[in-house]
Ligand code: 6GU
């Protein structure tokens, strides 16, 4: 999979993709990430990328020209499965969106900034608008990192058995069960007996029960009525 990220702040992407699972996927050649500075596509002599909004109001708006020049320089090279715009007024990102996007060959992710992106670009070039939750970030960069991470770890070959995506919270619609490692007793606090029993069926049932309990308590919105 190839992911092209368009941003006004390309340096924000240095850390998140150079560690852990994403790093390994990139090293294995399972994914490639290219970061593009939208400012480099501005033909304005001052390299402007934003302007005042028509009708007045606080906040600058990302101008159409540089963003569209950046998009078209990429779409002239290859076909994109989705051209995603990161924006707090997009659809809220969920595991099923990550699952869907992880099947892409080429993805473009555009990071919003300032007051937003000129609506005409959104209407004519963007195929999907994503928010990562109901709060406001300074820009789409951190959100793009979140989405990219969630997608890349789903590419077959990225995770090994130990990090299998199948037991992730949300993948089966439930939160994960608690986990423990050695020592079996730490400061007098004991690991639940069943996990030390070696009895696979009981362990499976305990985890299932814990998942349901935890989900009921913390995220009842994830449960169907018949789970109660
Ligand atoms: Cl994608 N962008 C910004 N600026 N804020 C957000 C967001 C995105 N998702 C949640 N908050």
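Against the criterion of being more than 12 Å from the ligand (Cβ to nearest atom) and either in the same structural domain as residue 52 (by TED's automatic domain parsing) or assigned to a loop (DSSP other than H, G, I, E, B) (or both), residue 154 qualifies. Among the helices (runs of 4 or more DSSP H) confined to the stretch 28-145, the ones with at least 3 residues that are surrounded by fewer than 16 Cβ atoms within 10 Å (Cβ to Cβ) and more than 16 Å from the chain's Cα centre (by Cα) are located at 64-75, 119-125.
Residues in the stretch 171-206 that are surrounded by fewer than 16 Cβ atoms within 10 Å (Cβ to Cβ) and at pLDDT below 95: 172, 173. Go through the residues of the stretch 178-188 one by one and say whether even a single one is touching a residue at least 12 places away in the same chain (Cβ under 8 Å) and either closer than 30 Å to residue 90 by Cβ or part of a helix (DSSP H, G or I) (or both). No, the stretch 178-188 has no match at all. When the test is whether a residue is touching a residue at least 60 places away in the same chain (Cβ under 8 Å) and closer than 18 Å to residue 1 by Cα, residue 86 does not pass it.
Of the residues screened, residue 135 is not one that is at pLDDT below 95 and either over 20 Å from residue 16 (Cβ atoms) or within 12 Å of the ligand (Cβ to nearest atom) (or both).
The values are calculated or read from the model by the stated rules, or taken from the named source; none is laboratory data. Since the structure is predicted, the reported quantities are computational estimates derived from the model, not experimental observations. Glycine gets a Cβ as well: all are built from the backbone with ideal geometry, and neighbour counts include every protein chain shown.
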